[in-house]
Amino acid sequence: MSKGIVGKLIRDYKPSKSEEEILRWWKTSRAYEKTKKHSLKKPRFYFVDGPPFVTNPPHVGTGWNKTLKDVVIRFQRMNGHNVHDQPGYDCHGLPVEVMVEKSLNLTSKKDIENVIGIDRFIGECKKYSDENIESQTRVFKDLGIWMDWERPYVTYQDRYIESVWWTVKQAQQKKLLYKGLRVVHWCPHDETALAGYEVTDEYRIIKDYSIYVKLPIVDKPREFLLIWTTTPWTLPANEGVMVHPNMIYLSVEVDGEKLIIAKERLSQVMGERPYKVLEERKGQDLEGVSYVPPLLEETHQKTGGTLHRVFLSSEYVTMTDGTGLVHMAPGHGEEDFEVGQRNGLPVLSPVDASGRFTPEAGKYAGLQVREANPVIVKDLEARGLLFREETIEHSYPHCWRCKTPLILRATDQWFIKVTDFKDKMLRENKSVRWTPEWAGSKRFYAWLVGARDWVISRQRYWGTPLPVWTCHECGERTVVGSRTELEKIAIRHPRKYELHRNGVDQIETRCRCGGRARREPDVLDGWLDSGVASWAGLNYPPNAKELRAWWPADAIVEAHDQTRGWFYNQLGSSILVFNKTPYKSVLMHGHTLDPDGEKMSKSKGNFVSPGDVIGKYGRDALRFYTLQATVWEDFRFSWDAVEAVARDLQIIWNVYAFATLYMSLDKFAPRKWPLQRLSRFYRQEDKWLLSRTETLVQDVSEHNGEMEFHHSARALRDFVIEDLSHWYIRLVRRRFWLEKKSRDKLAAYAVLHHALRTWLSLAAPMMPFVTETIYRESFRGTEPKGPETVHMTPWPGPSRRWINKTLEEEVKIVQHISEAVASARQSKKVKLRQPVSRILVVSDKPMVTRTVKALHELLLQRTNAKHVRLVGITEAERLKRLIVEPNFKGLGPAFRGNANKVAQALRTKDGRELLRAFKADGHFPLKTDHEDYKITSEMVTLREEMPENYALGSFDEGRVYVDLTIPADLVREGFVRDVIRRLQEMRKRLDLPVDAFADTFISVADPERLGWLEDERDLLMEEVRAKTLLLLRLDQAKPGATLEETWQIEGHELHMGLSQVTGKPQMVQA
């Protein structure tokens, strides 16, 4: 590419080849590193990457997530910011443990300690994490994600763990950390607690028992409280029954027994069974009623005192299902626990960590809880306490890691007291800018309102160790905030050790009382790891300088499930530590599903990796496809849609190849011909493209700033495909054939160059490969000291002086009219190349009237018409024929035997005559040879019909009538255009350069058409760049030619030949 001159882009677009070349060039040229260095002194923009689990192989949805982040980073960097772009990886937790257990053939949690040992197990988890970090990084780099891959934050690294420890210590110092007995969701396979937000997305439909159980009322033979449950296994832990104080309860007689049941639930529970209502009372009157626990003989549990009585609860008793009397097991239900605590009930939870009954459960000891269900049901039936037994299908929580059904179980856990600062979280959320807005004001708000204390402890191995040491002598607990703090109080410690369980579990500390303290055996919730990312990634503490420089984050981007995950845990951790939000803006995006709306997974066989798409269509195709999806909605992956985007990229390439071909041939140097210099030569279409370009800059900048990237992507696509390829290029193509120094031609070049160069920068964050290739091949050399990479170029600012919204609207009208004309032509099978004599435009919109006058020449050109005229509705109506169709239902009864004769006469009439008569007199006088008839409107149907020589088309603002009466001179013009098109097609088949001349011959049998071609010889030679053109009759000898073809045009056979002329090419003169 000569200095200052637009370079020619090769014609063939091969993304697989060009993208690989760009990846190699980025690496060898250190383009990313140079781009980062270039922006070091600019204002800071802190982007925090939500760390993906290392266990999750990236699919196209992961690619969408990372592409969105890449667009944020690239846009902000081009927009003049020094962007912090550190990637992250979430390594701790059960997902990794489960995978390592499988690889080591371990079948239970106990095997970890007893078979291979904690030290080896943690080593294997770290190895697994490292391998997956490496493989994920490879995928993301291949997709063109520009992040600081050499310096990621990794949640298992010691310095990161210290940040988590410091955060826990802040909670302890603010009296927001506590250990307590609570009912939590528990996975019996993984033997660990789960926090509430870990449960919400893994509900599955399962079959369960649905039983109604009779509880004998003390000292009242054959009187029972009737309860309902879907978890028979919780009955050994039953300690009470809840009723609603204000609801009405009935005593009903059934089969000689008295049952107490809520009035509102009576018909649903009894069904067809006969019953008799004996008594009615309010729930509050049942308070304190004692009953015999249903499995007393089997479990030998304690009873009496406050146990096994009726308690009141207006908040947890509903009438939507069950009996209106709620079975209470405070050791196995969150609401039960709360009501039990209020009423002084002990917490009975006779189930161990593996989900098996303990000896406290009597005869059921050793049974897995769900295995015990049929045994318990059978025992209830044997004792005559089973009123009704069914099975139901219902939604039930499962472990999101191993898919085991969860249980609720009372255990000692460590908590952060979120309820103490929940109001502050709600207030801080109002200061965050959410995309979409409702994600914050509704979805996230609703989650925050329901926030409970955060269970941060887990009973596992691969995680950040809970930094709490408890003294065996006095019970005092010490929370350690760093390695240094630990070593200060350690009795002894190894010289080298890591901050995982294999390193810190053996370290004892000295208590103030002089006793020895050991670490609490739990690890921390992995979500606490990721929740501190915004300061742990900055190595805070101890690096306060970096924190002051960057924190809080300017933007974060994740999917909608993170409203209950990362968005929430970041906010909670940050309010705890800094009392403010850790992020200023949030983009919440959707999930990528398969074509049937299912989540992608390898087990389902519907998994599509980024590599699958890249291998077929390329990286930019995948990126640009996902970016056009409405960002906050789930979208279904479609191979057909990816292919359509790949075709769009081909069109984009073709537009640049076409424009740069002519510009390079003419040695067009944009700096010699700035926009202002040529402004007096601009045609209306040039001014329109300038306006559209600056409007595009304005719109894309605004959409990117709001992180509504789908709007930007669609606007960028439409600009090249619709505005350039389908419109402007077609308008200016002939101007490219003018002489080299023609100001008309240079004006088109200058405007088109500005549009193409601007689009490259706007599209670069979304399509980094194709824009980089085009920039380097065609545009870098036109700019003095042009940056090496397009991604280092500054973001365009809109030049409002060129924006003309009125002109844009007018051209849109021209486009609408052109589309309507094309549709009308198609309805009558008249080709677009065939000129028509006139087009009538009908509209009552002032904008249309103004457009037809202001852009008249443009309309003629785009509709291929000799005349375009605006007409009123009255004149337009006169074009139509009003056909009279006899209605025999009206004619028959009135004229009987003469009905056919009358119908025949009516068909010859002009419908407008009848219409005028109906309006004036209410009837039409029909005269025949023998008789007069009075015709009313019920006897006919009037139908509009266009004359054969007109075609009708519609557009949003009106309609068009295309006159298809084609005089001889237009037939000739259309024929010549068809011949030109065939010769141009032959040039393309020969792959002739655009500036190459050809020797051409045309042989035709029809003398008249041969004469037409002779008359238009100069036009033919100019259009097809013919050095010689022989026009021959069919019987004349034809010269040899490189390519010969026989064509049928309008029923006439033509034989054409074409050969490239060797020698120095010449440009066609105007």
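Rule-based calculations on the coordinates, nothing more; no lab input. These figures come from a predicted structure and were not determined experimentally. So basically every Cβ, Gly included, is an ideal-geometry build from the backbone, and we count neighbours across all protein chains shown.
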Mean Cβ neighbour count within 10 Å, used as a protection proxy, ranking 1030-1040, 108-118 highest first:
108-118, 1030-1040
Output for the range 543-585: trypsin sites (Lys or Arg not before Pro) sitting in coil per DSSP, at most 14 other Cβ within 10 Å, listed by number, reads Lys580, Lys584
Under the rule of at least 5 residues apart or a separate chain, name every residue whose amide H is placed under 5 Å from the amide H of His867.
Arg838, Ile839
For the range 995-1041, run through the GluC sites (Glu not before Pro) and keep only the ones in DSSP coil with at most 10 other Cβ atoms within 10 Å of their Cβ.
none
Spelling out what I want: for every residue of the range 893-903, take phi, set θ = phi - 60°, compute 6.51 cos²θ - 1.76 cosθ + 1.60 (Karplus), and round to whole Hz; glycine and proline get x.
x, 7, 10, 6, x, 8, 4, 5, 5, 5, 4
Using only the Cα atoms of the chain, what do you get for the radius of gyration and for Dmax, in Å?
40.6, 133
Just rank Lys37, Lys829, Lys126, Lys424, fewest to most, by other beta-carbon atoms within 10 angstrom.
Lys829, Lys37, Lys424, Lys126
Using the Karplus equation 6.51 cos²θ - 1.76 cosθ + 1.60 (θ = phi - 60°), what ³J(HN,Hα) coupling, rounded to whole Hz, does each residue of the range 813-823 give in order, writing x for Gly and Pro?
5, 4, 4, 4, 5, 4, 5, 5, 5, 4, 5
As I understand it, the value is the acute angle between the Cα axis of helix 118-142 and the longest principal axis of the Cα atoms of the chain; what does it come to in degrees, rounded to 10?
10
Considering only the chain, what is the antiparallel percent among its DSSP beta bridges, to the nearest 5?
75
Once you put a point 7 Å from the Cα of Ser603 and another 7 Å from the Cα of Thr936, both along the Cβ direction, what distance in nm separates them?
7.6
For the range 664-810, shape from the Cα gyration tensor axes a ≥ b ≥ c, cut at a/c of 1.5 then a/b versus b/c, turns out oblate
So what's the range 968-1060 giving for Cα Rg divided by 2.2 N^0.38 Å, two decimals?
0.99
Please identify every one of the GluC sites (Glu not before Pro) in the range 210-316 that sits in a loop by DSSP and has no more than 10 other beta carbons within 10 Å of its own beta carbon.
Glu272, Glu315
Equivalent ellipsoid semi-axes, the range 293-411, via Cα gyration tensor eigenvalues times 5, rooted, Å:
21, 19, 18
What order do you get for Ile22, Ile489 when you list them from fewest to most C-beta neighbours inside 10 Å?
Ile489, Ile22
Students often get this wrong, so check it: of Lys175/Lys422; Lys430/Lys584; Lys126/Lys179; Lys988/Lys1038; Lys3/Lys41; Lys37/Lys785, which have C-alpha atoms separated by over 20 Å?
Lys126/Lys179; Lys988/Lys1038; Lys3/Lys41
Rg to Rh for the range 881-945: what is it, with Cα atoms only and Rh by Kirkwood?
0.93
Per DSSP helix of 4 or more residues, -39500 (n - 2.57); summed, then divided by the residues of the chain. What does that give at 222 nm, rounded to the nearest 500?
-11500 deg cm²/dmol
Leading residue at positive end of dipole, the chain (Cβ point charges), from Gln1048, Phe668, Thr419:
Phe668
Positive-end residue, the chain charge dipole about Cα centroid, Cβ charges, pick of Ser603, Leu486, Thr67
Thr67
For Tyr249, enumerate residues with amide H under 5 Å from its amide H, sequence gap 5+ or separate chain, H modeled in the peptide plane.
Lys263, Arg281, Lys282, Gly283
Express in whole angstrom the spacing between the alpha-carbon centres of the range 372-415 and the range 639-691.
68
When Val449, Val254 are arranged by how many other beta-carbons sit within 10 Å of their Cβ, fewest first, they go Val449, Val254
